[in-house]
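Just below is one structure, and these are the notes that go with it.
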């Protein structure tokens, strides 16, 4: 493969990378603070896409309002679930929450499937990108859909914003402190519990937002998150559990790796990320950007 | 003396067993013919077959009973989900036959699952009529006495579409296919049909993971290769994603046409027909091809609430053909029904000028190469296709001389 083709695929990989980055970022934030492995993340991503579709069907809302509203709806739902269900299991072994969120995933998928079939008589639905972003643009080395460029740009902005909030603001300092040592943070008079629900909402909202972004590219269907979540978990493991920077960088890197892999030898495209995960676990079990457990 | 008695006793017992077997085969097992619709009730092919196929088989059963008042016995339809997995199909098929006493299997989407179920049908000696599965292995190296391939197969698709597109000037191709039995087979057939007609393959076909959602890598590769036709052998939800992204990347505007291996009406409905406009495909039937087809489609729509796909129409036709064979054989014994099916000639609303080839159990019928028309040309809802060619039954399928089937 020549350099130009390689460059095209690297560029193309950034689109999928953007989705991995947004999803694993949310997972990292949630895991960092709550020590919850949120298996439901893929279903909430799907719910973001479905909400955008349903808002369009019910109220005629287009892409832009849905891009704001759908993630908020998903975040609110997430917060309700956190308060009513997840919070009950905090004292127990993490596997309980894994099972709970897995169960919620199955429930959400089947509910959406039923609603789509009964309300709209489809099992998957198309979603059109906004008119301003329809069509392609010639970048010189490649003709590329405008919408996909927008996805890369927006997700980069969001990732930077999240990083900024967590690393440079007072809110971020509280979140980081609660993550590092909840006991000491409480001793400073900060109500850690109060922040937990909000952080969960933000993490889940990011998944919902990724879902809305994905709707115009893929078909909106109940199982659209189930493949993605597995890759996203691999991304989180490679990047290092709970590491914000790790999840973003690894997200984009894995997207690029899969795209280049698909162009060179397609059968290996979806496997590459897991090979990488196995290698990272062998050499650096805490992930590329994670600190070993003992030093936390 | 003792030895003689024993021999006599044994031979009497054997004779009795034979008599019992004969007596049983001379009528319906437990007075009910059970039609087993083994299909995808939950996955990517559930919309094009699934519950609609079960409904179609039920309609066939009811119509058969109405048309044959003298038929002694009942017909029952059982629908089971095989989840498009070969191992599940295998287990479910065995369970349906052993526990629910089904007398035949029909529909069978997903080639790998169809092959697995066909193997069970052979072991249990009951007919399997594959409608929605496409692999030509069913009538070649994996053929058996009990399996019939009903509506279409990959040879028919490739022969119809590959030939038509290439002859109409689309003579350079880049193909992607899903990496499982169906896709691998269809790619092979398509490449053969294109090269035989003087077309060329500009780069080796790419096997994509199955299922898959993102096809951008291959679309960008096509953009660089600039073939006249981008051939997609994906089916169901995968095909919908390919076509959606084909439009998104603007390949049509860049002069790269779309060639589709296997197209169902539900795929067109999922994106709207403009996304497919101009693409050629080959189908065994479509609902508005003539009045006879329309009449049946109207009945189906009334019963099911949606227009039928050709897979569902094919399942009705296959079920009816099977039941009529049971009536002719006067038994639902597998061997007897197979004999009644072999060489049978018929023509119904679905299968025109049809016959069942005894040597490999390929059901031959007229098929149609169609072009998807733009929405602006559609005269009514669901009016998707312009007929480009009718391929007569005798030329639509793999010639017997090329078949690798040994029964």
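Every read-out reported here was derived from the displayed coordinates using simple, explicitly stated rules and does not represent laboratory data. All of these numbers come straight from a predicted model, not from anything done at the bench. We place every Cβ from the backbone using ideal geometry, glycine too, and count neighbours over all the protein chains shown.
Listed values, structure above:
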read-out	value
Under the Debye formula (equal points on every Cα, no solvent term), log10 I(q)/I(0) of segment B:293-407 at q = 0.10 Å⁻¹	-0.40
Alpha-carbon spread of segment A:167-258, three principal axes, descending order, Å	48, 25, 21
R0 of 30 Å, Cβ-Cβ distance residue A:188-residue A:164: FRET efficiency to nearest 0.05	0.85
Relative packing of peptides B:346-355, B:133-142, A:2-11 - highest average C-beta neighbours within 10 Å first	B:133-142, B:346-355, A:2-11
For segment A:89-169, alpha-carbon Rg relative to the globular expectation (2.2 N^0.38 Å, N residues)	1.72
Spacing of the two label points (7 Å from each Cα toward its C-beta) at residue B:226 and residue A:111, in nm	5.3
Max mean-square fluctuation residue, GNM over chain A, Cα-Cα springs under 10 Å, options A:137, A:260, A:151	A:137
Segment B:78-111-segment B:180-247 distance, computed between alpha-carbon centres (Å)	30
Mean-position separation - Cα centroids, segment A:255-276 and segment B:354-407, in angstrom	37
Globularity ratio of segment B:310-368, using Cα Rg and 2.2 N^0.38 Å	1.09
Folded to 0 to 90 degrees: helix B:237-248 orientation relative to chain B principal axis, Cα	10
Distance in nm between pseudo-label sites at residue B:76 and residue B:94 (7 Å out along the Cβ direction from Cα)	2.3
Whole-number percent relative contact order across segment B:291-351, with pairs defined as alpha carbons under 8 Å at least 6 apart	35
Global size of segment B:272-340 as Cα Rg and Dmax, reported in angstrom	16.3, 50
Overall Cα dimensions of the protein assembly as shown - principal axes, largest extent first, Å	99, 72, 49
Taking chain A and dividing mean pair separation by its residue count, relative contact order in percent (alpha carbons under 8 Å, at least six apart)	39
Order by protection proxy (mean Cβ within 10 Å, highest first), peptides B:219-227, A:278-286, B:362-370	B:362-370, B:219-227, A:278-286
Residue B:291-residue A:120 pseudo-label distance in nm [points 7 Å out on the Cα-to-Cβ vector]	4.0
Segment A:61-200 shape via C-alpha gyration tensor axes, a/c threshold 1.5	oblate
Convex hull of Cα atoms in segment A:1-110, direction-averaged projection (nm²)	9.7
When chain B is reduced to its Cα atoms, the Kirkwood hydrodynamic radius in Å	21.9
R0 of 35 Å, Cβ-Cβ distance residue A:281-residue A:141: FRET efficiency to nearest 0.05	0.45
Sequence ranges A:239-250, A:186-197, B:319-330, ranked by mean other-Cβ count within 10 angstrom, highest first	A:239-250, B:319-330, A:186-197
Angle in degrees between helix B:310-329 and the longest Cα principal axis of chain B, rounded to the nearest 10	20
For a label point 7 Å along the Cα-to-beta-carbon line of residue A:154, residues of segment A:71-110 with backbone N under 14 Å	A:71-72
For chain A, average projected area of the Cα convex hull in nm²	16.7
Measure of compaction for segment B:190-278 (Cα Rg per 2.2 N^0.38 Å)	1.04
